[in-house]
Amino acid sequence: MPRLTEARALRAPLPTTDKPTFLRCSEIKGFAACLRKSGKRSWTVEVTLLDGRSKRTVLGEVGVLPFEGPPEEPGARDLAIAAINANRRGEDARAAVGRKKEPKGMLLNEVWEEYGKAGYPVLRGTGRKSETTIKHDTNRWKKHVEGSIGKKAVSDIDEAAMQRWLDGIKSDGQRSHCLTLVKSILGYARSRGLASVNQIEAKAEKSKWMQNFYTPAQLIALDKAAQALIAEKPHRVGVFSAIRLLLHTGCRASEIFSLRWRDVIVERAVLKLGRDKTSKAGREVELSNAALDILKSLPRFNQWVFPADSKCGHLTTTQKAWKEVCMQARLPRHRQHDMRHSFVSSAIASGVSLYIAGQLVGHKQATTTQRYAHLEREVKQQAAAKVAAALSPKLKIIKKRAS
């Protein structure tokens, strides 16, 4: 049997039938060139498994993949030897070929692609990420990861490489979000055995203890301003009422904007929300009398509580109306999401526990509500001071009687 070479594989005549022809190597058992009637010529390796079955792996195309090559660019012969040796050790021959082709393993972008093919699974728990989260993660990946650290092999991403990449992201918030995303994808690569992952010590910045927030008096002023604008511009009752409902429920803007009339259970005074950011099963939002009055005052055009102006779909933003409300109330315009922070802080200031406050706004993790722990401590300190003040006169009377 002549020695298998690239020249021999390229010059050998093609078969005239659909049955392929194999030019086998006299030096390496199982290594061959496969010739087909269609004109395709491929390098292959065949190994015998423990159960006696044969398994053939295509290594590459003749003329594209060289017969031999340097360590950093192995050829067909090198890949065949790697596959045969791995099979002798009881390992997966195909996996060994993959490692030989790419000694450094998968690129980070390739792991992200595999993650997408798997359906974007939740890495802590079960299920899939929500469409909104997938959209944000994808945009973040394309903008900050894909063209930079995403091009690196996972095995090359160490602490220094991570820090150099983070230095190129200006926004503190984006830097923190991107770090969390990349570390989660590295965790996916490790848990699925896709690549060798280094230990990364870099940590995302902790959430601020408190964002901008309005005091209870300011929340009342904002509510009154929204009511005044409804009276002044009744044709915009929907958008101003949406802002009022955000003030009175502490819900996320997306939860209120996408509200359907079927979600409003007047008899039980609750909003029955479907799958949201933190819960697949959805949750119920308790409604105060003021919140119920807001909903009862709204006209019904279609299934949406807050339909878009086009009456096709629901409301998607209230930024313009929010600016008007803040100007009417003569208050600084913080983010609309800060109304949610304000709702929680007002509840705690009124004596509501951290646990109940978190339940009211749908916090899944107790650590999220812990940002407001200092407010609860202030309430407890005030209560302790009141008790001490109430007991002080009695203590003085006791001392006088004792003298």
Notebook entry, point to check: On full extension of the chain, what length is gained from residue 158 through residue 289, given 0.36 nm per residue of separation minus the C-alpha to C-alpha distance?
Noted result: 41.6 nm
Next item on the list: Sort 5-13, 54-62 for me by packing, meaning the mean count of neighbouring Cβ atoms within 10 Å per residue, highest on top.
Entry: 54-62, 5-13
Margin query: Cut-off under 16 Å on the C-alpha distance; same-chain residues fewer than 8 positions from residue 233 excluded. Which aspartates and glutamates are left, in chain and number order?
Written below: 223, 309, 324
Next item on the list: Go through 116, 186, 127 and say which Cα lies farthest out towards the positive end of the charge dipole of segment 108-191; charges sit on Cβ, +1 for Lys and Arg, -1 for Asp and Glu.
Entry: 127
Next item on the list: Could you work out how far apart the two model spin labels at residue 128 and residue 192 are, taking each label as a point 7 Å from the Cα in the direction of the beta carbon, and quote it in nm?
Entry: 1.4 nm
Note to self: Checking the table 129/272; 19/55; 117/170; 142/183 against a 24 Å threshold on Cα-Cα, which pairs fail?
What the structure shows: 117/170
Next item on the list: Please label the shape of segment 6-101 as rounded, prolate or oblate, based on the square roots a ≥ b ≥ c of the eigenvalues of the alpha-carbon gyration tensor (a/c under 1.5 means rounded; beyond that, a/b larger than b/c means prolate, else oblate).
Entry: oblate
Notebook entry, point to check: With r defined as the distance between the Cβ atoms of residue 14 and residue 92 and R0 fixed at 45 Å, what FRET efficiency is calculated, to the nearest 0.05?
Noted result: 0.90
Check: In debye to the nearest 20, how big a dipole does segment 6-101 give about its Cα centre with +1 on each Lys and Arg Cβ and -1 on each Asp and Glu Cβ?
Finding: 360 debye
Check: If amide H atoms are built 1.01 Å from N in the plane of the peptide, which residues on other chains or at least 5 residues away come under 5 Å of the amide H of residue 306?
Finding: 259, 315
Item checked: Furthest towards positive pole of dipole, 50, 5, 35, structure part segment 1-81, Cβ charges -> 35
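Just so you know, all these numbers are worked out from the coordinates, no wet-lab data involved. Just so you know, these numbers come straight off a predicted model, no measurement behind them. We place every Cβ from the backbone using ideal geometry, glycine too, and count neighbours over all the protein chains shown.
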